[in-house]
Amino acid sequence: MRAYARWLDGRAFAPRTPLPALDGPGVFETVRCERGELAFLDAHLARLERGARALGLRWPPPWPPGGALQGVARSIHEARALRLAWAPPHLLIVARPIDPSPEGAPALLAEPGSLAPPLPAGVKTIARAAYDARRAEAHAHGAFEVLVLARNGELVEGTISNVFVAKEGVLATPPLGTGALPGIVRGALLAGLSRRPLVDSWGRTWTVAERTLARADLERAGEVLLTNSVQRVVGLARLAGLRDDLPGSYGPVASALLARVLELEREASPR
């Protein structure tokens with residue numbers, strides 16, 4: 001497989017082959033693949049099905065999504081992000097290289113209510129043009145991510161990530177009722193840290209909780225952390241216009257959290 005391997009409706013095809021337009025309603029998952037292993041595969045497939053059923057899409061697809069991902073993964077030796085989309089009648093997989101996690105990651109804070117989470121809430125829908133456009137604009141100005149605030153000022157998520165705020169021994173993440181996507185790494189951490197709290201590199205213990213968060217919590221946080229299935233954990237170094245003193249991915253919580261995600265990935269892998 002080449003760097004941008006593609007699979008469509010039961011067969012692999014050349015990278016220069018035009019992609020079909022996925023115009024109708026659809027769902028997608030982006031799965032991290034390393035050495036042929038697909039991280040949190042079962043959780044991704046379960047969320048794909050929930051989303052498809054919520055949108056009223058035909059289920060299951062004619063081609064098993066798990067088998068399709070595994071078939072592509074067997075042909076890939078470098079770390080890749082596999083984006084699988086189900087937008088009937090097409091099941092499409094595109095593999096792309098994984099960018100290194102930014103060491104001094106900056107983020108922007110959207111104005112409250114200026115960026116609404118894709119609907120329906122909790123579904124990883126392909127209809128996310130506003131999120132994609134806002135992040136592309138921010139990326140062009142050197143930012144890694146945009147944090148979304150609801151109209152009432154509550155923190156929701158990033159455009160490609162969930163958010164955890166480390167403060168006073170608690171890793172807090174916005175509840176799903178805000179419209180936040182039920183991220184795969186987010187869910188794994190909520191379950192894993194509930195069983196065994198995190199101990200950071202300074203020896204401090206951190207529990208985890210879903211909690212309503214706002215701008216003031218970002219101002220007082222020791223660390224602000226982003227999670228997703230591809231980058232795993234990214235520690236922010238700067239929030240434009242708000243903070244320029246965050247430790248980034250070298251922070252003691254960020255490094256410990258990344259180690260725990262790697263552990264949870266191994267636990268979730270088929271034996």
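The values are calculated or read from the model by the stated rules, or taken from the named source; none is laboratory data. This structure is a prediction, so every number in the text was calculated from the model and none was measured. So basically every Cβ, Gly included, is an ideal-geometry build from the backbone, and we count neighbours across all protein chains shown.
Candidates are the residues of the stretch 88-110 that are under 30 Å from Arg16 (Cβ atoms) and charged (D, E, K, R); the one that is nearest to the chain's Cα centre (by Cα) is Asp99.
Within the stretch 227-251, being among the hydroxyl-bearing types (Ser, Thr, Tyr) and crowded, with 21+ Cβ neighbours inside 10 Å holds for Thr227, Ser229, Ser249.
Matching residues to (1) within 16 Å of the chain's Cα centre (by Cα); (2) over 19 Å from Gly183 (Cβ atoms):
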{"position": "Glu210", "(1), (2)": "no, no"}
{"position": "Ala216", "(1), (2)": "no, yes"}
{"position": "Glu223", "(1), (2)": "no, no"}
{"position": "Asn228", "(1), (2)": "yes, no"}
{"position": "Arg232", "(1), (2)": "yes, no"}
{"position": "Leu236", "(1), (2)": "yes, no"}
{"position": "Pro247", "(1), (2)": "no, yes"}
{"position": "Gly251", "(1), (2)": "no, yes"}
{"position": "Ala256", "(1), (2)": "no, no"}
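Return the only residue of Gly153, Gly183, Gly169, Gly192 being surrounded by fewer than 23 Cβ atoms within 10 Å (Cβ to Cβ), at pLDDT 95 or above and within 29 Å of Glu49 (Cβ to Cβ). Within the list Gly153, Gly183, Gly169, Gly192, the selection yields Gly192.
Mind checking which residues of the stretch 111-139 are of a type in the set (D, E, K, R), within 17 Å of the chain's Cα centre (by Cα) and not in a loop (DSSP other than H, G, I, E, B)?
Across the stretch 111-139, the qualifying residues are Asp132, Arg134, Arg135.
Remark: Leu226 falls outside the filter, which requires a residue to be within 30 Å of Arg96 (Cβ to Cβ), modelled with pLDDT of 95 or more, of a type in the set (A, V, I, L, M, F, W, C) and part of a helix (DSSP H, G or I).
Grab the strands (runs of 3 or more DSSP E) fully contained in the stretch 6-105, keeping just those with 2 or more residues being touching a residue at least 60 places away in the same chain (Cβ under 8 Å) and surrounded by 14 or more Cβ atoms within 10 Å (Cβ to Cβ).
Strands (runs of 3 or more DSSP E) meeting the threshold: 6-8, 27-34, 80-87, 90-97.
Of all residues in the stretch 252-270, those satisfying the criterion of being under 18 Å from Lys167 (Cα atoms) and either crowded, with 18+ Cβ neighbours inside 10 Å or in contact with a Phe, Trp or Tyr (Cβ under 9 Å, 6 or more places away or on another chain) (or both) are Pro252, Val253, Ala254, Ala256, Leu257, Leu258.
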